[in-house]
Each structure stands twice: as structure tokens, then as C-alpha cells.
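Below is one structure, written out as C-alpha cells; the observations come after it.
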Amino acid sequence: MAYRWETPASIWQEDEGSGEFALVASEGLGPVDWQGRARRRLPDVAHLLGASLPLDCACAPIYPEGFAWCPRCGRPLLRLGATPGRKGALQRGWWGPGADEALPRHVPHGLPVTSLALGDSLEERAAAPNVGRCDAVMPAPPNACSVFAAAGFGFPGERLLALAHTRGVLQYWDPMAQLWHVLAPQPGSASLVFTASDHAWIAAQDGARGDAGIVPGIDGLQRLWIDPVSETYRTETVLDAPTVAAPGVMRRHLACLAGSSGEVFLWSQRLDLNEVERFACPDLPAGGWSRPLGYDGRLFWLHEAGQLAWRPGAAPEFTPWPPGWQPRLAFGGPTQSRDGRLWQIGHDGQGYSYLELGSEQPSQEPIDGARLGFANFLFRRGHPVLGEPWSAEHVEDLNQDDTLVLPLLRSFNNNRSQPSGLVLRFHKYTARAEELLEDRAIARTTIEWIGRRNVILDEVARLARPLDCVPIVAGGHLWLHHPDWNQMRGWRLDELS
């Protein structure tokens, strides 16, 4: 005989003979495989559900939510939080380095810029030339070429997901067991494979249990729901059409490019009213787009052939690049001039220049060499560029002439006059920037924080394909992942306000 226990979110059964509890069902979860996967991961399952764990009794390995004492021996239990905690800075979620909705409107959205004050923690370390080491390591996910999201997903505490979108494999980090688990698709789930363009992960909006946001897939946009207890996931179709460019959000409108060659269209849906619009764009390329950039009330998608601008409620406008001018999308992304205009770096066959975005008659500003970076976080060789994007570099140390700096993440802070962020510095490198960003291994690379104090966080030998480096903020750490590394490197962060 089994006794039935009901909590506000779950249903449990207590075995009369053994006294052990088994989860039957819980809000937001699918069928519970308690005797299989879930029972082998009781510590993580208890933290996910907010259940209770024994302290010094052996009557049962887990108890329903809210139990303060063991019903058999009366000994006290460890009660875990059953509701999501306060939504502070580190609790609001990390949906990729270009998905921070807390940024002010005058900062372009969609670039690797975060509003988290990471420098307040990282700059407490010993300054350069001292070479530091990471504080923690985490095993790389089994499918290493992944995009990451860290949030509560409606559960107490934070959880980390790694989506290998080139294979459609979703992976879940079990912080208690320190292991990655591959989540299996539930019957009827759509494919999560997306290789047509750069990937973007749209954050969950309402905080429902298991809601992991919206991701592009080979067959359309999918709302992703996870069940970490049974190690499964399911999808709900938002747009049923092949997705050719990652989605973006502008003023409560979700939009993306979909279709196939010759039949591409821009699809948008108003999130609060479910209103859908569709604009035919038959001449647009069916792949190869950057992730969308939101600025000045518009979404921009960039391509080797031109730029697409869309304002909610209006038809999209595609503008080819000037004849002979080719963008350098791998250099980082658009940046801003002091008057607020956006500029994209490119090359016309004779030299580099910046081209104004979003204008019918764009201005062009020539420059004397490649500049890597985005959103006012720019470097020419090993020196920062201050002022306008086409200004001369600011030389503080002539020894940095033989280095090259690649910005990875900018930390936006209104209290700082100059941008700060995470960069890679390549030493003894004098070749062209294009060669570095391909498949050339660099003998020595340092991972640095550039800010009020320059801090060398770590160093790497024989780094290739630096654009594959992915910064992540999760578990109170800033992590850096590269598909070639067996471990992710992490640096501890203080509580961010």
C-alpha cells in the first residue's frame, strides 16, 4: 500500500513498507521516470523541486516539499527552497553574450555587451604584468561546439544548458554531481539543428517552470521546455517554416527570416497580443546572416551581400553594400560614433573603412588599419581606440605593438568613462588580422580584463580559431569555453547588484 502526499506543485507516494517517497507528478514536468534516471540523481532533483533531504536519519533518501521532520523518526530535515529566488543581477539569467535585455536603449542590443559589473570583481586581482590563474574549472560539454544559457528556468536556483545547435543536442549541467547529461527529446519534439546562420537564444519571458526560451531550428522557431528531473525536453512550434536567420526582439515584437531560396520572408509576432505579420523578401539570401542587432527602434541583420533593417509595423529594407566594399563581420561587429550612429568595418580592395549603417546614403570613414571590437570597445593591434571609431589608437606601451587584441565581451557601466571588458591578447603576432581569425595557432595568448586596472586572468598555449571562444556568466563565475579545451576556465565573481 502507498500513501499519497500532495504539495502545491507535486504529488508523491510513500511506500508503507520501506517508508521511501517516490515522485508521481510535478507541475511543468512530463511523465516522471522515478525508478530510472531521477532516482540516480536525488541531490539535484531535490534542489530542482525544492524538496527536503535527510540530515541524520536513514528512513528515506528524499522527502516531499515542505517536510521539516521525518514522519517516521521525527528527526529534522534539510528544507530546500521550493520557489525561485529573488531576481537579482546574477539571477536574471544569461542567454549568450549578445542577449542582455537590461542594457539601456542607447547601447546596441545583440552585440557581446553585458550590463553586469564584472570589473568590480575581476579588478580586485593583482594587476598586470602578474599572470593569474582561473579559480575553477568545469568539464566541457560532450558536444563542445555549443551555445549556452544559464537561468532558473522556473526552478529554484540556477541551471546551465549547452545547446549543440549544429547537431541538435541539448545538454544539462548537474551541479551536484558535477556532470553533463544529454536531455532526450520527448516524442513529437522538433529538431533543434540550426546551421543556416549565426545562432541566437531568445530568453524566456514569463518564468514558467521548464521554459527555456525560444531557439531557431531547421524546421522553424521552437519554444523549448526542459524536464531536468527525467532528463528530457519538448518543443512547441512558434513558426512552422525553415528558419534562415536567428530571431530577435524589438519593442515586444519577435522577428526572424524564414523560408527557402527564392521564397524568403520576414515573419514577426507581437508577444503581448499574438499579432502576426509576414513580409515577402524573395531576393534575400537563404543563409549566412549575422545574429540580429537591435538599435534605434530597428533590428538589423548583416550579410556579406548587404544589410537588412526592419522597424516593427513597417516593411523590411535591404541595402546592398557599396560596389567593391566588403564587410569584415568576423572583426567583432558594429560600433558607435559619438553622435550615436552605427558603423561597420570593411575593406574596399585598397584599404579599411567604416560604413554607416541604416542610412540610404551612408557616410564612409577611411582608417589606416584593421580594428577589432564592437560597441566602442575597439583595438588597433595591441592599443585601444578611444573617441571616434576612426580615431588614432591610444598608445600607452610601445611593447604592445607586436601584440593583437581581440575583444570577447564588453561590460557596460555608466560609471566608467571608457569601456572595459574581456579580451584575448596574442603575443608576438605581426601578420594581418584576417589570418589570425582563420585557423592559425598562436604560440602564446593571454586572457585579460581591460578596465580601470588591466588584469591578466590566465594564459593559453597554441590557441587556434579564437572566434570560437565563448564567455559565459553562470554559477557566480565568469567562464571561458573553447571547443578544443577539455575544461572551461572560471573566475569567481562577487555578488553583483
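The values are calculated or read from the model by the stated rules, or taken from the named source; none is laboratory data. What you are looking at is a predicted structure, and each value in this text was computed from that prediction instead of being measured. Positions of Cβ are generated from backbone atoms using ideal geometry, with glycine treated the same way; all protein chains shown enter the neighbour counts. Heavy atoms of the whole protein, side chains included, go into the accessibility calculation; ligands, DNA and RNA do not. Shrake-Rupley method; radii C 1.70, N 1.55, O 1.52, S 1.80 Å.
If the chain linking residue 101 and residue 418 were pulled fully straight, counting 0.36 nm for each residue of separation and taking away their Cα-Cα distance, it would gain 112.0 nm.
Each Cα pair under 8 Å and six or more residues apart adds its sequence gap; the mean of these over the residue count of the range 273-422 is a relative contact order of 12 percent. Remark: C-alpha extents of the chain on the principal axes read 83, 56, 37 Å, sorted largest to smallest. What FRET efficiency do you get for residue 58 and residue 252 if R0 is 30 Å and r is their Cβ-Cβ distance, rounded to the nearest 0.05? Approximately 0.05, to the nearest 0.05.
Checking every one of the trypsin sites (Lys or Arg not before Pro) in the range 304-381 against DSSP loop status and a limit of 16 other Cβ atoms within 10 Å picks out 338. When you restrict to C-alpha pairs under 8 Å that are six or more residues apart and normalise by the size of the range 237-329, the relative contact order lands at 20 percent.
Dividing the summed -39500 (n - 2.57) terms of all DSSP H runs of n ≥ 4 by the residue count of the chain sets its mean residue ellipticity at 222 nm at -500 deg cm²/dmol. Peptide packing: for 275-281, 342-348, the average count of neighbouring Cβ atoms within 10 Å per residue gives the ranking 342-348, 275-281, highest mean first.
Each Lys or Arg adds one and each Asp or Glu subtracts one; over the other residues with Cβ under 12 Å from the Cβ of residue 331, this totals +3.
Each Lys and Arg adds +1 at its Cβ and each Asp and Glu adds -1 at its Cβ; summed about the Cα centre, the chain shows a dipole of about 660 debye. Each of residue 485 and residue 130 was given a label point 7 Å from its Cα along the Cα-to-Cβ line. The distance between the two points is 2.1 nm.
Within the accessible area of the range 123-207, the carbon and sulfur atoms contribute 55%, probe 1.4 Å, all protein chains present. Computed from label points 7 Å out along Cα-Cβ, the spacing between residue 363 and residue 431 is 3.6 nm.
Rounded to the nearest 0.05, what FRET efficiency is calculated for residue 68 and residue 6 with R0 set to 25 Å and r the Cβ-Cβ distance? Rounded to the nearest 0.05, the efficiency is 0.90. Accessible surface computed residue by residue for the chain, with neighbouring protein chains in place and a 1.4 Å probe, gives 43 Å² per residue. Entry note, the chain: relative contact order of 13 percent, from Cα contacts under 8 Å with a spacing of 6+ residues.
Checking the a/c ratio against 1.5 first, then a/b against b/c, what shape does the Cα gyration tensor give for the range 293-423? It comes out oblate by the Cα gyration axes. Extension gain for residue 304 to residue 350 (0.36 nm times residue separation, less C-alpha to C-alpha distance): 14.8 nm. Taking only protein heavy atoms and a 1.4 Å probe, the accessible area of the range 211-250 is 47% carbon and sulfur. Packing, taken as the mean count of other beta carbons within 10 Å per residue, orders the peptides 137-144, 447-454 from highest to lowest as 447-454, 137-144.
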